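Let me begin by presenting the structure, written as structure tokens, before commenting on it.
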Amino acid sequence: MNAILTTNVSPSSLAEALKHPPPTRGVSLFWLGQAGFLLRTAKHCIVIDPYLSDSLAEKYRGRPLPHQRMMEAPIQAGALSGVTHVLVTHHHSDHLDGATLTPLLSASPEACLVLPRAATALAMERIPLVDRSRLIGVNAGESLQFASDLTLHVVRASHETLEQDEVGNFRFLGYVIDVGGVRIFHSGDTIPFESQVTELAPLNIDAALLPVNGRSESLRAQGVPGNMTAEEAVRLCVECNIRYMIAHHYGLFEFNTVNPAMLDAMALRHTNPVLQRARLHTRYQLEPPTSAEKSE
């Protein structure tokens, strides 16, 4: 038997939920909106792709695609103290947001920032106050062991293209996080691409956090690359034998989302993988099987 995923409605705010002690085993997951997640274990607090500001609304004010929030940020970035690792999958501002990362890294001075090596110079521009020694640049194919119970495997992502910088570093990445006895895959922004399954299947992933907002020619023409559809995300889980999937990257910007009712209807139809859509104020608990469950 593989890992077990349970879901519980948390207190009315993420800040209140984080006042509770961390889990003694496994991983608690909380959605931060868009592609952002917080992973909490007995020893680690990992934040992935947080966008908790309104910087894009300011940037695109008066332009054809206003980036007005459809949902409020579940917590202020400066309230995220105790973070041990911040993972950023690529350079787009809803993933590498200076207005979020500056107060977050200030509130958690021991946290390191892991990001594509291709984006380190840009990160220093967007987060000028962060010490360069806190940035860890990575590329696809690498693995980092942060602790005996925390290993990061870096894989490629295709935000419509498998794009590399001038020295061959991939601009878009995904992360397989081996922590708390389970393996969690955050794909970053990606579409299906050749050899994706070959790359992921051997990693024995328990749960996948996958974008489902899809893509379109009209958005691409306006400079907005897309992601997998929900159907493509489910297919990837089936092909890689991933038991659980949490659908995200929806509900933040009106021009680039999907209907939550559609995701709920899909969830009712699928048991392989077990599909849920990411919801705010909800704790997803992923635990390794006990010895007795392994023997079943």
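The values are calculated or read from the model by the stated rules, or taken from the named source; none is laboratory data. The structure presented is a predicted model; accordingly, all values stated were derived computationally and were not measured. Methodologically, a virtual Cβ is constructed for each residue, glycine included, from the backbone with ideal geometry; neighbour enumeration extends over all protein chains shown. The protein model used for the area step is the full one, side chains on, heavy atoms only, and it has no ligands, DNA or RNA in it. Shrake-Rupley method; radii C 1.70, N 1.55, O 1.52, S 1.80 Å.
Specify the inter-centroid distance of region 154-205 and region 17-90, based on alpha-carbon positions, in whole Å.
20
What distance in nm separates the simple spin-label points at VAL238 and ALA107, each placed 7 Å from Cα in the Cβ direction?
4.1
Which label belongs to the value computed from this structure, given these candidates for semi-axes √(5λ) of the Cα gyration tensor in Å: [x] 27, 26, 19; [y] 26, 23, 20; [z] 42, 23, 13?
From the options [x] 27, 26, 19; [y] 26, 23, 20; [z] 42, 23, 13, the structure gives [y].
Let a ≥ b ≥ c be the square roots of the eigenvalues of the Cα gyration tensor of region 116-164; is it rounded (a/c under 1.5), or, if not, prolate (a/b larger than b/c) or oblate?
In terms of gyration-tensor shape, oblate.
For VAL258, enumerate residues with amide H under 5 Å from its amide H, sequence gap 5+ or separate chain, H modeled in the peptide plane.
Close amide H contacts, sequence-distant or interchain: GLY251.
If you take every DSSP beta bridge fully contained in region 156-219, what fraction is antiparallel? Give it as a percent rounded to 5.
70
Could you give the length gained by full extension between ASP149 and ARG25, i.e. 0.36 nm per residue of separation minus their alpha carbon distance, to one decimal place?
Full-extension gain reported as 43.5 nm.
With +1 on each Lys and Arg Cβ and -1 on each Asp and Glu Cβ, and nothing else charged, work out how big the dipole of the chain is about its Cα centre, in Debye to the nearest 20.
I would put it at about 460 debye.
Return the percentage of antiparallel bridges among DSSP beta bridges fully within the chain, rounded to the nearest 5 %.
65
Note down the nm distance, to one decimal, between modelled labels 7 Å out along Cα→Cβ at GLN76 and at GLU142.
3.5
What residues qualify as long-range amide H neighbours of THR190, i.e. H under 5 Å apart, gap of 5 or more or another chain, H built at 1.01 Å from N?
For THR190, the qualifying residues are MET228.
Long-range amide H contacts for ILE75: which residues qualify at under 5 Å (H placed 1.01 Å from N, peptide plane, sequence gap of 5 or more or a different chain)?
Result for ILE75 returns nothing.
Be a star and scan region 233-271 for residues whose amide nitrogen sits under 18 Å from the point 7 Å along the Cα-to-Cβ vector of GLN68.
Once the point is set 7 Å along Cα→Cβ of GLN68, 251-258 turn out to lie under 18 Å by backbone N, inside region 233-271.
Take the alpha carbon atoms of region 219-263, find their center, do the same for region 113-127, and report the distance between the two centers in whole angstrom.
Centre-to-centre (Cα) distance: 25 Å.
Per residue, how much accessible surface does the chain expose to a 1.4 Å probe? Answer in Å², no decimals.
42
Report the net charge of residues surrounding VAL83, where surrounding means a beta-carbon distance below 11 angstrom and charges are Lys +1, Arg +1, Asp -1, Glu -1.
0
Percent relative contact order of region 160-296, based on C-alpha pairs within less than 8 angstrom and at least six residues apart?
20
Counting pairs of alpha carbon atoms under 8 Å apart in space and at least six apart in sequence, what relative contact order in percent does the chain give?
Computed value for the chain: 22 percent relative contact order.
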